[in-house]
Amino acid sequence: MARIQSPPILSHMRGARSYADQVAALRALKDEIVGHVQNKDKWVEHNILESLVKILQSSYSPSRLGGKEVRGQFGQPRSLADDEQVRLQALQLLASLANGGPSFLGPIHAVGAIPAILSNIFPLEHPPQLVLTALRALSNIADAASLALDSDDALRSLADNLFVSRYLDALYTILSFDSTAALVQEQKSLVASLVIRLCREGHHQNALANAGVLDALATMLAEFVVLRGEVVPGAEIIGEADGLADMIPNPAPRGANLALVLEAISTIIADSRFRACMLLCSPAIMAIFPNTEFSPPAKETRAAWNALEMSGLSNLRAKNPSAVDYLLPIVPVTQPRSLSSQLAQFPPLGFSLSRESLAPNGQPGATRFSGWTSARLDSASLNGDAEADDPESPLIPWLIHLVRSTSGLERVMAASVVASLFKAGFANPEREVAFGVLVVPLLCQLIKDHETDVDPATQNSVFVEPSMAVDWAILERTPGVLARLVADSEFLQQAAFESGALKMGCKLLKDSYQPMSTKPAPRPWSPNPDRGADRGDNRVGPRGRLPIYAHKIKTRESALKLIAAMVTFKDEYRKALVEQEIVPYIVESLSPLPSKPKMGKEKPKPERLAEAVEPAVENAAYGSNPNSVIIAACHVMRILGRSVSNLRTALEDHGVAMPVFKLLAHPDVEVQIAACGAVCNLVTEFSPMRESLIDAGIVKILCEHAHSLNPGLRLNSMWALKHLVHAVENNLKKQCLEELESGWLVQLICDDTEDEALHARVRMERRMSDVDDDDEDMDALAYEDGTRVWLWPAMYQPAPSLFASRRSQSQRMQRAEKKLVTLREAEFNPTRKARNDDLAIQEQGLNFIRNLIGPPTPSSMTEMVDYVFNELGQDRLFEILASKLRVKVLHPFARRYSSGRDSRVLYPQAKVIEAVIYILVHMAASIPRHRQLVIAQTELLKLLGGHFSSKDIDVRRALCHLLNNLVWLDDSTDNLACQQRAQELRKLGFLAKLEGLQQADSDLDIRERAKAAVWQLKVNH
């Protein structure tokens, strides 16, 4: 093939003798390619990208990257030097080429354009025009990556390049600069937009929070509060006492985008109590939203609240509303049924259910106001109790107010932020009613209002009208926000169900499977279609997907999350879901390459599950499902499988077992974990799919996953095996144990696998680095003076000494810092995570043994008890069970990994204790010989005796069950042995403990079980 001649423009650019000549050549090139995709292809083949990268690398020396040596006038536009003009033109060309779509991503990455662009985003090193253009180029690359065929990998690669320390410093500097210039505001919008599109993983969220980006975004949010005139009255006076007065920001300037700020914040704080608390404890948020009591000057306003209180529909005296609460409509307070259980499972940090623990005024450490003017401030109450529990931040009711007072994306994103705060447990319990009345119906109405039909022209277009793009964004985000809000609350699920959320979620999922006659974005016609085939990196790649495809996939995932969140509690809602004929669409969402959803009668059923064949190529009408969609569909299937009627009808009719079984061998471990979770409910006793899954070889696959290095996969596979061995023939039970290997089972339930692995890794790191223990104690995230780098950089960096003085004088800052340190320790300490992983796996391993020796018949139980004794060792098994009831001291770590030696003491956990007891219950339900073996374990029984006072109701119930079984009389031949067993139990003090439960336990069922056990112990005296 003849060599391609370089165009004259390229020759002039490469041979330019001055910056002016180079600028002229670049401008001529820009005129030729802007808006012309074919010309962009041609110039990429002429290796223009490599030339542009060389220009960026050669025209500026990156010796002072990060802005650590130069402190220029950031944000002030100025005339550009000649070399800066060259870089500006090069960046504009790169931005234009990236705007050509996913086909240009390969060449852009191949020549190293990303680092070259990133080197120009430092605002203290470069003029704002260059910074803005570099950010635009990154934004265009992110847009192209989102439409790529492998969009997840493309976005992850870009995020890994951007979210590193030196570039995060630049992003923080841009966001934290106080300027009303339109150029700066556009820079901030682009940074927020990049955070939204690229931050998808936990380590990126943590990096952004640690670098101060979350703090800067919180300050920008505070600017909107100031702009709206909704700062808490007297905030400046309180700030003077707390050293936060100068943290109250100026009003947000024109051009600032509230929806972008809210979405960026929501992206960072999602799924983390620590990061959510960082938002609440941001200096700007604390400054404008101090916790204060407030009485409105208008008597009519207070009278309405008092009327509700008098009628028993409010609890103002307990809540003491802040000024922001009076911006909300009055909501009668009832006690949702799910409230107490939610608090028990996920209590807010420092929250107390006891009113007696509150300060005399009903709200600890609160400042009292009697009106809207700061003159009414009671300064005597400024010094609250530093040790008291912090009340709810006024940010939460303000966000609810924002949901009600805004529309469109602002409403969705305000709801998203407050949903994260509510899920993290930082809202008052009474807020659940307000969410159900004031927020949930509005979100449901948003979905209804923005459902629009897409015309054929838009379906085939690579460009989307701005109004349509907004509608799509709302439909993509709102179901997911609603799902996070209602997932753990039966009351909110009811509110959403009554607002039609379940039907809307089903409709969105069905719409996402409407077939399209489109194909991937077409490549423009070229007279030389094969030109450049041998040019390697110079050739553009595949055109990627059309925007309509990306929209449908995002909507599909969001709809699945909403459906799953709506049916977690009530079988009534699961039945309503099935009646929507949505199961075929969920089944197709389990497939990486979906096809047309088929109803149960239309779906061909193979003779055997293993014979089912997946499609080998993508169906252009339905696209392909990324892993996130598959995982969401697995979660729906897991929840639907909780219903016996669904298992026996809808799920069986639509052939759910086959696609879930296929996913157990998926290359992505997260998909495998989700598939194992779905399998848990497909292999239960009452599932008609159990036999077909067993025939397909699920036992071998689950046992292989139980040997995985991934703790999540080990956990879910053991969970599924636990269900699989319940109420099956003994031969299958033995097969499961043989496949799992008895030695591995003992290791799972006896050893602290994750804790040991972490300890070994740390010891190896210490030996390799040859560092003393004192050095290991240093916090890796600290300034030279020991201050935590993630803590309030907006206050520390400008004046470290002033910051230290403020922190020492402000009780509010000290309480906030203490709370943040505690949450950070709880969330990110690797020893805690390793310990939790071990405990969860041990619980399922013990329950596996419980079901292994459990019913259906006494004879089969006897056989399995003896089999387990032979496989695991009788004495060894009893010793393992006893070890689960003892306090255990784990490996002590230095403070870098733990808060101290005390945190390495592991106390017996209720669920593990319950599993141990039920193993003994099954043994005692067998023959008298096995009951005698249990009675002979004196040390084990003594350890059990200490748990009669357990706070866990299931542990107390299990103990009563065990005692009833131990003194059970089979026949007259067992009479003497039964009396001996009863006598031994009385000697160990069990009779007195049972009498205590019989008389004083709060649960009627336990009192009755204890009563029966007491009677048997006395009868066999």
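Expressed as a whole percent, the proportion of Cα-Cα pairs in the stretch 894-1021 lying more than 23 Å apart is 33%.
Gain on full extension, evaluated as 0.36 nm per residue between Gln874 and Ser859 minus their Cα-Cα distance, stands at 3.5 nm. Distance distribution P(r), the stretch 611-743, all Cα-Cα pairs, bin width 10 angstrom from 0: 12, 44, 34, 9, 1, 0 percent. For Ser420, Ser1002, the ranking by accessible surface with the largest value first comes to Ser1002, Ser420, using a 1.4 Å probe. Spacing of the modelled spin labels on Thr822 and Ala110, each 7 Å from Cα toward Cβ, amounts to 5.7 nm. As a calculated quantity, the FRET efficiency between Tyr19 and Ile330 at R0 = 56 Å, using C-beta atoms, amounts to about 0.25.
Over the stretch 226-268, the Kirkwood radius and the radius of gyration, each from Cα atoms, give a ratio Rg/Rh of 1.07. Projecting label points 7 angstrom from Cα along Cα→Cβ for Asp571 and Glu939 puts them 4.5 nm apart.
Could you please report the charge total around Ile917, scoring K, R as +1 and D, E as -1 over all other residues with beta-carbon less than 12 angstrom from its beta-carbon? Counting the neighbours of Ile917, the net charge comes to +2. Here r is the Cβ-Cβ distance between Arg166 and Val34 and R0 is 45 Å; the resulting FRET efficiency, rounded to 0.05, is 0.90. For Ser405 and Asp83, a Förster radius of 41 Å and the Cβ-Cβ distance give a FRET efficiency of 0.25, rounded to the nearest 0.05.
Of the peptides 243-254, 144-155, 842-853, the ranking by mean beta-carbon count within 10 Å, highest at the top, reads 842-853, 144-155, 243-254.
Count Lys and Arg as plus one, Asp and Glu as minus one, and take only other residues whose Cβ is under 11 Å from that of Lys507; the net charge is then +1.
Peptides 582-595, 221-234, 963-976 ranked from most to least packed, by the mean per-residue count of other Cβ atoms within 10 Å: 582-595, 221-234, 963-976. Annotation: average projected area of the stretch 953-1021 is 4.2 square nanometres, based on the convex hull of Cα atoms across all directions. Just round it to a whole percent: the fraction of Cα-Cα distances in the stretch 150-286 exceeding 26 Å. Counting every Cα pair in the stretch 150-286, those more than 26 Å apart make up 23 percent. Available extension along the chain between Ala182 and Arg642 is 160.1 nm, counting 0.36 nm per residue and deducting the alpha carbon span. Between the alpha-carbon centres of the stretch 36-59 and the stretch 177-207 there is a gap of 27 Å. One chain, two ends: Lys596 and Glu729. Fully extended at 0.36 nm per residue, the span grows by 44.0 nm beyond their Cα-Cα distance. Relative to one another, the C-alpha centroids of the stretch 570-596 and the stretch 441-472 are positioned 24 Å apart.
The values are calculated or read from the model by the stated rules, or taken from the named source; none is laboratory data. Bear in mind the structure is a predicted one, so any value in this text is a computation, not a measurement. Quick reminder, even Gly has a Cβ in these numbers, built from the backbone with ideal geometry, and neighbours come from all protein chains shown. Each accessible area value is taken on the protein alone, full model and side chains, heavy atoms only, with ligands, DNA and RNA left out. Shrake-Rupley method; radii C 1.70, N 1.55, O 1.52, S 1.80 Å.
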